[in-house]
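Student: The structure is given below, and queries will be raised subsequently.
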Amino acid sequence: MFSLFSVFNVFSVLSSELFNLFNGAGLSPAGLLPSPSPGRLRSSACLRRGSAALGLACAFFLTACGSSSQDVLYIETPTSVIKVGERISLTAQATEVLAGPPEWDVRELEGGSLTRTTGYQVTYMAPLYAGTYQVTARAARTNGQRVRASQLIIVQPQLVIEPASVKVAAGGAVAFSVITKGIEPPQILWSVDEPGGGSVSQTGLYTAPSKPGYYHVTATAQTEWQPSATAAVRVE
């Protein structure tokens, strides 16, 4: 924890830097009013530098005052990427004794749900729509200070191919279809994994080769997520 004296020193330096930047830009630090300084042509660049310095000052202030709680409370999860409708376990860990168990919430209104909202371990249930969602745990330290930790969960869409496996005679045909979950029905790109394993149209109609064997047909959604599914084909 930074001392109040060190915080004051840093803010003194940053304040001096900001004053110099505004003054060089031909601006008044108090009201940001134009002054007759010849340096007004440099105001845009100086203001950008001043904004960066001000942001640094704010960030340091939050850290020095303990509002940044990443060093006190954090979230553990086996993975941060799941599919629509799946579940994932989230565990809150603390580097010190807390006044009570954390309270959880999902930031987005339709960003999924939690099996419970209080405790050190909860289960997150993904929504029916793909996207990136934020789960936050909040708790209180023994001195009353509030701390929190957040975890981003990436929910990917699902693609299901039907039938998942099929037998077909050599030279025969079978029609495949797909069901998408989490996104609007996209354009599907169909392909056969093995060279010489037959052909498939872009409507999902597969034509088996003359040579018996095991082959695979893959459907890939043409979206930013590009989910895919594969069906097994036995040619007899």
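Every read-out reported here was derived from the displayed coordinates using simple, explicitly stated rules and does not represent laboratory data. Everything numeric in this text was worked out from a predicted model, so none of it was measured. Virtual Cβ from ideal backbone geometry, glycine too; neighbours counted across all protein chains shown.
Student: Looking only at region 186-222, filter to residues that are in contact with an Asp or Glu (Cβ under 9 Å, 6 or more places away or on another chain) and β-branched (V, I, T); which one of those is surrounded by the fewest Cβ atoms within 10 Å (Cβ to Cβ)?
Tutor: Selected residue: T218.
Student: Scan region 84-105 for residues that are in a strand (DSSP E or B) and hydroxyl-bearing (S, T, Y) and jot them down. Spell out the reasoning first.
Tutor: Here is the first cut: in region 84-105, the residues in a strand (DSSP E or B) are 87-94, 98, 103-105.
Of everything in region 84-105, those that are in a strand (DSSP E or B) and hydroxyl-bearing (S, T, Y) turn out to be S89, T91.
Student: For the structure I just gave you, tell me whether T117 is free of Cβ contacts under 8 Å to residues at least 60 places away in the same chain, touching a Phe, Trp or Tyr at 6+ places or on another chain (Cβ under 8 Å) and either under 30 Å from L205 (Cβ atoms) or not hydrophobic (A, V, I, L, M, F, W, C) (or both). If you could, list the steps in order and put the result at the bottom.
Tutor: Details: free of Cβ contacts under 8 Å to residues at least 60 places away in the same chain: yes; touching a Phe, Trp or Tyr at 6+ places or on another chain (Cβ under 8 Å): yes; either under 30 Å from L205 (Cβ atoms) or not hydrophobic (A, V, I, L, M, F, W, C) (or both): yes.
For T117, the condition - free of Cβ contacts under 8 Å to residues at least 60 places away in the same chain, touching a Phe, Trp or Tyr at 6+ places or on another chain (Cβ under 8 Å) and either under 30 Å from L205 (Cβ atoms) or not hydrophobic (A, V, I, L, M, F, W, C) (or both) - is met.
Student: Now a separate question. So for region 161-176 (the condition being outside any loop (DSSP other than H, G, I, E, B), without any contact (Cβ under 8 Å) to a residue 12 or more places away in the chain and on the phi < 0 side of the Ramachandran plot), does at least one residue qualify?
Tutor: Initially, region 161-176 is screened for residues outside any loop (DSSP other than H, G, I, E, B), giving 161-162, 165-168, 173-175.
Filter once more, so that each one left must be without any contact (Cβ under 8 Å) to a residue 12 or more places away in the chain: none.
No - not one qualifying residue is present in region 161-176.
Student: Sticking with this structure for a sec: Among the listed residues E184, E108, E194, which satisfies the condition of being assigned to a loop (DSSP other than H, G, I, E, B), closer than 30 Å to E96 by Cα and among the acidic types (D, E)? Reasoning before the result, please.
Tutor: On the way: E184 fails: closer than 30 Å to E96 by Cα; E194 fails: closer than 30 Å to E96 by Cα.
Exactly one of E184, E108, E194 is assigned to a loop (DSSP other than H, G, I, E, B), closer than 30 Å to E96 by Cα and among the acidic types (D, E), namely E108.
Student: Yes or no: A139 surrounded by fewer than 14 Cβ atoms within 10 Å (Cβ to Cβ), in contact with a Ser or Thr (Cβ under 9 Å, 6 or more places away or on another chain), over 23 Å from T180 (Cβ atoms) and among the aliphatic types (A, V, I, L, M)? Give the steps one after another, and end with the answer.
Tutor: Working: surrounded by fewer than 14 Cβ atoms within 10 Å (Cβ to Cβ): no; in contact with a Ser or Thr (Cβ under 9 Å, 6 or more places away or on another chain): yes; over 23 Å from T180 (Cβ atoms): yes; among the aliphatic types (A, V, I, L, M): yes.
For A139, the condition - surrounded by fewer than 14 Cβ atoms within 10 Å (Cβ to Cβ), in contact with a Ser or Thr (Cβ under 9 Å, 6 or more places away or on another chain), over 23 Å from T180 (Cβ atoms) and among the aliphatic types (A, V, I, L, M) - is not met.
Student: Which of (1) under 23 Å from P227 (Cα atoms); (2) in contact (Cβ under 8 Å) with a residue 60 or more places away in the chain; (3) in a strand (DSSP E or B) does Y74 not meet, given it meets every other one?
Tutor: That leaves (1) as the condition not met.
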